[in-house]
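The values are calculated or read from the model by the stated rules, or taken from the named source; none is laboratory data. Since we're looking at a predicted model, the values are computed, not measured. We place every Cβ from the backbone using ideal geometry, glycine too, and count neighbours over all the protein chains shown. Remember, those area values only see protein heavy atoms, side chains included, never the ligands or the DNA or RNA. Shrake-Rupley method; radii C 1.70, N 1.55, O 1.52, S 1.80 Å.
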Amino acid sequence: MKKVIFKGDIVFTPTKDKFQVHKDSYLISENGKVVKILKQLGNEYNDYSIKDFTDKLIIPGFIDLHLHAPQYNNIGLGLDKELIPWLNTCTFPEEAKFYNVEYAKKTYKQLIRDLWRYGTTSAVIYSSIHKDSTKLLMDLFIDSNMRGYIGKVNMNRNAIPELLEDTKISIEETEEIIFEYKDKSSLVKPIITPRFVPSCTEELMEGLGQLALKYDIPVQSHLSENMSEVKWVKELHPGLPNYSSVYNQYNLFGQTKTIMAHCIYNTEDELELMAKNQVYAAHCVYSNYNLSSGIMPVREFLDREIPVGLGSDISGGNSLSIPSIMCGTVQASKIKWIETNKRLKPLTSSEVFYLGTKGGGSFFGNVGSFEKGYELDCLIIDDSNICDVDKLTLQDRIQKFIYTGDDRNIIERYIHGEKVHKPL
Ligand code: GUN
Ligand code: FE
């Protein structure tokens, strides 16, 4: 049995309402999982190896619930359009390049190195429609010892010709990847990825829903990001009451574990269905700003106990940094508070920290916290350059790190108790 103890200043959020802090304490782990946290060590721990991070923060690794790997080269580009023109003119032409596995390899290596650098230990990722580049991304993730769900995109309508798939081939290739990767790695898993309703015919959605049920594979897609998009879905599916019901009709809405990115313009009925089916919302604040999409009413989701996590949504979003996204998420919630005449309360620091760790982490199982039985996925933070570690409380130190820290403060990363070295 692998027995390891991490010593330092431990901070996490078992619930969203407050930080749990343990100053100068010992995080006991066995076989990559958390056993307990102690203030003092007894003799029974003599045979554990100790990693001494005295005065450093020990926090859960960050979780990114939504990003597009083949958009990484476009980060920071083309952001003066709204969603649909942005997809057609910037995004689709870039994604079409990923038929070229060499191009994909260069981009995906850089993305993984940067995810590592920013302390993202788990990510839920869209690749492109291309089977070989998708497998490559999954293999690079496996080689890097990072945790991820990675999905080959499915799309067969309303795109540039290079990205329009034959329906049968799209479903067959998706099944091939599921078959090959569902048990290949404990950290990296396939996820079914219909791009969004306007990109997928009913026949394609039907086939993907069947695959999800057959292999019990999770699903990710986009929902109600932009007002023109919502209107378009209504035109495409006039017989159904709302956007969510299209996915729901085809078993792509919580029949297996599901993430929907954005969720800005959901109706009451849709929120109820998300709560009932426990569909995750991925809140992508920077993308929502950049593409003038709007501000998601996160508080409505939390009040209804709909699971929520944070997403970078590269390259609609312009930052991979989950702490930066946490900060932006609080700021957006304050504007929402004002916009709703102070009906929807702003998020607190502990709430956004929860969303970027345990909230999103729960999609992966026991990930994102240091409660007993959780995966030991953690970051070691040296915050001595941004605060006086002897004077500030741990609550203040974590807040300062979220607002003013950066990747240089992250000195080590662990997943399943193993140190993750700079990848690739
Ligand atoms: N909706 C469909 N595809 C996309 C995408 O690539 N990015 C975002 N932000 N929304 C989408
Ligand atoms: Fe997206």
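Could you identify the single residue in THR89, THR54 that is out of contact with any strand residue (DSSP E or B) (no Cβ under 9 Å at 6 or more places or on another chain), of a type in the set (Ser, Thr, Tyr) and more than 12 Å from ligand 1 (Cβ to nearest atom)?
Details: THR54 fails: out of contact with any strand residue (DSSP E or B) (no Cβ under 9 Å at 6 or more places or on another chain).
Answer to the check: THR89.
Determine if the stretch 308-320 includes at least one residue that is touching a residue at least 12 places away in the same chain (Cβ under 8 Å), in a helix (DSSP H, G or I) and within 16 Å of ligand 2 (Cβ to nearest atom). Within the stretch 308-320, none of the residues are touching a residue at least 12 places away in the same chain (Cβ under 8 Å), in a helix (DSSP H, G or I) and within 16 Å of ligand 2 (Cβ to nearest atom). Is the stretch 222-239 home to any residue that is assigned to a loop (DSSP other than H, G, I, E, B), closer than 17 Å to ILE125 by Cα, away from ligand 1 (no atom under 11 Å from the Cβ) and not acidic (Asp, Glu)? No.
The single condition from (1) under 16 Å from PHE12 (Cα atoms); (2) crowded, with 19+ Cβ neighbours inside 10 Å; (3) touching a Leu at 6+ places or on another chain (Cβ under 9 Å) that ASP377 fails is (3).
To keep it simple, each residue is scored yes or no on (1) at pLDDT 95 or above; (2) within 13 Å of PHE12 (Cβ to Cβ); (3) surrounded by fewer than 16 Cβ atoms within 10 Å (Cβ to Cβ); (4) touching a Cys at 6+ places or on another chain (Cβ under 8 Å).
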{"residue": "LYS358", "(1), (2), (3), (4)": "yes, yes, no, no"}
{"residue": "PHE364", "(1), (2), (3), (4)": "yes, no, no, no"}
{"residue": "SER369", "(1), (2), (3), (4)": "yes, yes, no, no"}
{"residue": "LYS372", "(1), (2), (3), (4)": "yes, yes, yes, no"}
{"residue": "ASP382", "(1), (2), (3), (4)": "yes, no, no, no"}
{"residue": "ASN385", "(1), (2), (3), (4)": "yes, no, yes, no"}
{"residue": "LYS391", "(1), (2), (3), (4)": "yes, no, yes, no"}
{"residue": "ARG397", "(1), (2), (3), (4)": "yes, no, no, yes"}
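Only a single criterion out of (1) at pLDDT 95 or above; (2) out of contact with any helix residue (DSSP H, G or I) (no Cβ under 8 Å at 6 or more places or on another chain) is not satisfied by TYR72, namely (2).
Among residues of the stretch 362-377 that are on the phi < 0 side of the Ramachandran plot, those with a Cβ under 7 angstrom from a residue that is in a loop (DSSP other than H, G, I, E, B) and aromatic (Phe, Trp, Tyr), sequence gap 6+ or separate chain, pair up as ASN366/TYR374; VAL367/TYR374. When TYR103, TYR99, TYR72 are screened for being in contact with a Lys or Arg (Cβ under 6 Å, 6 or more places away or on another chain) and open to solvent by 10 Å² or more (accessible area, probe 1.4 Å), only TYR103 passes. So, ILE28, is that one touching a residue at least 40 places away in the same chain (Cβ under 8 Å) and not polar (S, T, N, Q) or not? When the stated conditions are applied, ILE28 does not pass them.
Checked against the criterion of being under 20 Å from the mean Cα position of the chain (by Cα), at pLDDT 95 or above and among the acidic types (Asp, Glu), the candidates GLU225, GLU270, GLU229, GLU202 yield just one match: GLU225.
Condition check for ALA96 on (1) farther than 23 Å from GLU225 by Cβ; (2) in contact (Cβ under 8 Å) with a residue 12 or more places away in the chain; (3) among the hydrophobic types (A, V, I, L, M, F, W, C): one failure, at (1).
Answer yes or no: is there a residue in the stretch 222-234 that is without any contact (Cβ under 8 Å) to a residue 12 or more places away in the chain and not basic (Lys, Arg). No. Selection of the stretch 271-285 for residues being surrounded by fewer than 23 Cβ atoms within 10 Å (Cβ to Cβ) and either within 16 Å of ligand 2 (Cβ to nearest atom) or in a loop (DSSP other than H, G, I, E, B) (or both) yields only GLN278. Within the stretch 194-217, the only residue that satisfies the criterion of being within 18 Å of ASN277 (Cα to Cα) and either of a type in the set (Asp, Glu) or within 16 Å of ligand 2 (Cβ to nearest atom) (or both) is ASP216. Selection of helices (runs of 4 or more DSSP H) fully inside the stretch 76-141 by the criterion of at least 3 residues being more than 26 Å from ARG157 (Cβ to Cβ) and under 20 Å from the mean Cα position of the chain (by Cα) returns 101-117.
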